[in-house]
1. Somewhere in segment 93-100, is a residue within 21 Å of residue 23 (Cβ to Cβ), of a type outside the set (Val, Ile, Thr), within 17 Å of the chain's Cα centre (by Cα) and surrounded by 14 or more Cβ atoms within 10 Å (Cβ to Cβ)?
2. Name the residue that is nearest to residue 24 (Cα to Cα), counting only residues in segment 96-122 that are in contact with a Phe, Trp or Tyr (Cβ under 9 Å, 6 or more places away or on another chain) and assigned to a helix (DSSP H, G or I).
3. Scan segment 53-91 for residues that are in contact with a helix residue (DSSP H, G or I) (Cβ under 9 Å, 6 or more places away or on another chain) and closer than 20 Å to residue 22 by Cα and jot them down.
4. For residue 47, state whether it is at pLDDT below 95 and either not assigned by TED's automatic domain parsing to the domain that holds residue 92 or not basic (Lys, Arg) (or both).
5. Here is a list of conditions, (1) assigned by TED's automatic domain parsing to the domain that holds residue 2; (2) surrounded by 15 or more Cβ atoms within 10 Å (Cβ to Cβ); (3) more than 30 Å from residue 2 (Cβ to Cβ), and residue 36 meets all of them except one; can you say which number that is?
6. Test each condition in (1) assigned by TED's automatic domain parsing to the domain that holds residue 15; (2) in contact with a Leu (Cβ under 8 Å, 6 or more places away or on another chain) for residue 87 and report the one that comes out false.
7. How many of the residues in segment 1-23 are over 24 Å from residue 60 (Cβ atoms) and either in contact with a His (Cβ under 8 Å, 6 or more places away or on another chain) or surrounded by 15 or more Cβ atoms within 10 Å (Cβ to Cβ) (or both)?
Amino acid sequence: MKKSSFVALMMGTVSGVLFALGMCMALLPEWDAFTEGVVFGGIGIVLGIITALVWCKMEKKTLPKCNAKNVFRILYAVIACLVLGVGMCLCLVWEQIVWGTLVGLLGMMMLIALIPMVKGIK
């Protein structure tokens, strides 16, 4: 494993955990930690951006261009994540196991479809 990949893996893991913990703190009323959750989530987002910048610097690569194709990919990825999250909520919160499983599988298939969208098919 290259040094840049290891650094990106560690920093990405920490930023993801901070973001997820922050969202749990902010969105679960039982925890009563909305303000702290927003702070943790914000720190996770900032650390994620720093991770991308550090990885690009270590790999001597430029940041991706902001064109219509990349904006569409990002929008599609966000929608796919939301569909997967709705499926999880249907199962775990509203106890609609069958519908939640179907919607969750749809979200997973949408996320898997990102691979050929980004890498292409050869």
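The values are calculated or read from the model by the stated rules, or taken from the named source; none is laboratory data. For clarity, every value in this text was computed on a predicted model and none was experimentally measured. Here the Cβ positions follow ideal geometry from the backbone for every residue, glycine too, while neighbour counts run over all protein chains shown.
1. no
2. Step by step, filter segment 96-122, then rank; the result is 100.
3. 81, 82, 84, 85, 86, 88, 89
4. In short, no.
5. (2)
6. (1)
7. Looking only at that region, the number is 5.
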